[in-house]
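Colleague: Before anything else, here's the structure in question.
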Amino acid sequence: MYREEILDLYRKPVNVGVIEDVKPASGENASCGDSTEIYVKTVDGEIKDVKHQSDACAIATASICILSSKIQGMSVEELRDLDKEWMLDQLGVEISPMRLKCALLGLNTVQDAIE
């Protein structure tokens, strides 16, 4: 059973949209059809704004929403140091091996965006 917060973020995702002057990073999980475009605006090495447009399952959508909220204000270096365990801790539910790509789609896409 999904934690209620995950279902709430799936039904009413946060930080949805585009940032006009930022080129999005695209991510896809081919195994289940999830896709996302994530916009990361940085100023002087700090993450100032994050928006996304996603067509994804509940786990992927929730993880992207959580990530987009938590990384605002972080430095690019701090974002680079985030890992799988950090993201799974943020979700707060057990993720099966088959759903791991869903849970990590946002983190992998954001980390690609800053490179």
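Colleague: Can you tell me the 0 to 90 degree angle between the C-alpha axis of helix 100-113 and the longest principal axis of the chain, rounded to 10?
Modeller: Tilt of helix 100-113: around 10 degrees.
Colleague: Then there is this: Fewest first, what order do LYS23, LYS70 take by the number of other Cβ atoms within 10 Å?
Modeller: LYS23, LYS70
Colleague: Moving on to the next point. Mind putting a number on the dipole of the stretch 4-113 about its Cα centre? Charges go on the C-beta only, +1 for Lys and Arg and -1 for Asp and Glu, and I need it in Debye to the nearest 20.
Modeller: That gives the stretch 4-113 a dipole magnitude of about 240 debye.
Colleague: What relative contact order, as a whole-number percentage, does the chain give when Cα pairs under 8 Å and 6 or more residues apart are counted?
Modeller: RCO, the chain: 30 percent.
Colleague: Which one, ASP34, ASP44, ASP83, has the greatest fluctuation when you compute a Gaussian network model over the chain with C-alpha springs under 10 angstrom?
Modeller: Checking each option, the largest mean-square fluctuation is seen for ASP44.
Colleague: Then there's this: Could you calculate the FRET efficiency of GLU20 with GLU77 from 1/(1 + (r/R0)^6), where r is the beta carbon distance between them and R0 is 22 Å, rounded to 0.05?
Modeller: The calculated FRET efficiency here is 0.25.
Colleague: Ok, one more. Pick from SER69, SER54, SER96 the residue whose mean-square fluctuation is largest in a GNM of the chain, springs joining Cα atoms under 10 Å.
Modeller: Answer for the Gaussian network model of the chain: SER96.
Colleague: Where does each of CYS57, CYS32, CYS102 land when they are ranked from fewest to most other beta-carbon atoms within 10 angstrom?
Modeller: Lowest count first: CYS32, CYS57, CYS102.
Colleague: Taking N as the number of residues in the chain, what value does Rg over Cα atoms divided by 2.2 N^0.38 Å take?
Modeller: It is 0.97.
Colleague: Give the total of Lys-Lys pairs in the chain with Cα-Cα distances below 15 Å; include a pair only if its members are 8 or more places apart or on different chains.
Modeller: Eligible lysine pairs with Cα atoms under 15 Å apart amount to 10.
Taken together, the values in this text are just the output of simple stated rules run on the coordinates, not laboratory data. Bear in mind that the values here come from a model prediction, so they are computed numbers and not experimental data. Please note: Cβ atoms are built from the backbone with ideal geometry, for glycine as well, and neighbour counts cover all protein chains shown.
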